[in-house]
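Report on one structure; see the data block that follows.
The values are calculated or read from the model by the stated rules, or taken from the named source; none is laboratory data. Given the structure is predicted, the values throughout are model-derived calculations rather than measurements. Positions of Cβ are generated from backbone atoms using ideal geometry, with glycine treated the same way; all protein chains shown enter the neighbour counts. Accessible surface areas use protein heavy atoms only, side chains included; no ligands, DNA or RNA. Shrake-Rupley method; radii C 1.70, N 1.55, O 1.52, S 1.80 Å.
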Amino acid sequence: MHGTVPNRTKYHAVSAVAAENPTMTDLVVRRLLVDMEAPIARLWCGGDAFRTALFNALSMSFPVGEQFFIDAVRGGFKALPEDQQEKFRTEVQGFIGQEATHRRLHALYNGHLEKLGLVNDWEPRARARLQELDGMDPRHHLGITAANEHFTAILADWMLRNADLLGGSDERLTTLWLWHSAEESEHKSTAFDLYQALGGSHEWRITWFRRVTWIFLGDTLRQTINNLRRDGTLWKFNTWTSAASYLFGKRGLIRQTYKPWREYLREDFHPNQQDSSLSERWLADNASRYVPVGA
Ligand SMILES: [Fe+2]
Ligand SMILES: [Fe+2]
């Protein structure tokens, strides 16, 4: 992310989109009842090298990414005029609580990956890039967070719709991924609404979205290949037939997420326009797998 510090005058007043979507979300922080101390199998995702490497790559990006989202949302909240803070207070607390929990569990997950000999190159790269954003207007941090949150929300919806692709061989990891997906879908509006409330412009929202897309796809690909290389499965024929099928096949990740990805470019887009019913259903059907914190 090498953008110059933008001119504040590019921002316009709070948009009509925000005014039309005043819905605040009740975000529950949940303690997941999974044992993340137990080791992770090398090919935990149904024995499939490509999917295992891809999901492991995503997990590697979460601790640094989610800390940035937490800081961005916290910074955006503080930048709000005091009379608007009350409206956001509970949702912001819920968002931070949910992301902090994801962060913690994925850090444990990544510790196991390290023991398997995988090396997280994504995290230091992301850290260096994020450092360049220090001192920027909080709306930029929020614009980047909202873009990433859209990405994670559509990925989450794809995962909830295709839960069998998690392989089913490690019930604990299946639960972890689906719980994380359900909560991503649940809090997908928080950063976006704060961005709008602070008068963030459509132009910058799209600019960040395009940059985040290229960076996210590039980093995902690099880390997935890195994981496959270290696992010794990069040059196996099965790895690439699996990749073709899980990216471009009928239920392929890229094929099924392109349309919702594109929606974000619309000027009247709001994350709540995208369906969250799979998230709600998973949380209702799996209530025995978590304990609401503070309940
Ligand atoms: Fe998360
Ligand atoms: Fe999130």
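Tabulated data for the structure shown
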| read-out | value |
| --- | --- |
| In Å², nearest 10: area of Asp164 left accessible to a 1.4 Å probe | 100 |
| Candidate residues Trp158, Trp214: accessible-area rank, largest first, probe 1.4 Å | Trp214, Trp158 |
| DSSP H segments from the chain that extend 20 Å or more along their own axis, Cα-based, with Kyte-Doolittle mean of 0.0 or above | 49-79 |
| Where Tyr109, Tyr246, Tyr290, Tyr258 fall by accessible area, highest first, once all protein chains stay in place (1.4 Å) | Tyr258, Tyr246, Tyr290, Tyr109 |
| With all protein chains modelled, accessible area of Glu132 [1.4 Å, Å²] | 90 |
| Relative contact order of the chain, defined on C-alpha pairs under 8 angstrom at six or more residues apart (%) | 33 |
| FRET efficiency for Lys87 and Ala163, using Cβ-Cβ distance with R0 set to 41 Å, rounded to 0.05 | 0.75 |
| Gaussian network model of the chain, Cα within-10 Å springs - most flexible of Arg30, Arg262, Arg251 | Arg262 |
| Lys188, Lys250, Lys78, ranked by accessible area, largest first (probe 1.4 Å) | Lys250, Lys78, Lys188 |
| Overall form of segment 177-295 per C-alpha gyration tensor (a/c, 1.5; a/b vs b/c) | oblate |
| Three-way shape label, segment 121-200, alpha-carbon gyration tensor, a/c 1.5 | oblate |
| Segment Ala244-Thr257, extension gain: residue separation times 0.36 nm, minus the distance between their alpha carbons | 3.2 nm |
| Accessible surface, the chain, averaged per residue in Å² (probe 1.4 Å) | 46 |
| Check: the chain dipole with +1 on Lys, Arg Cβ and -1 on Asp, Glu Cβ, in debye | 920 |
| Farthest positive-ward along segment 162-295 dipole, Cα basis, beta-carbon charges - from Thr239, Gly218, Leu194 | Thr239 |
| Label-to-label distance, nm, for residues given as Asn286 and Phe237 (7 Å Cα→Cβ offset) | 3.6 |
| Per-pair calculated FRET efficiency, R0 = 45 Å: Arg31 and Asp275 via Cβ, rounded to 0.05 | 0.95 |
| Gyration tensor verdict on the chain (Cα atoms; rounded if a/c is under 1.5, prolate if a/b is larger than b/c, oblate otherwise) | prolate |
| Cα centroid separation, segment 123-193 to segment 81-117 (Å) | 10 |
| Rounded percent of accessible protein surface that carbon and sulfur make up, segment 156-245, 1.4 Å probe | 61 |
| Gain upon complete extension [Asp71, Ala41; 0.36 nm per residue less C-alpha separation] | 7.5 nm |
| 5 angstrom amide H check on Tyr290, placed H, neighbours 5+ away | Leu33 |
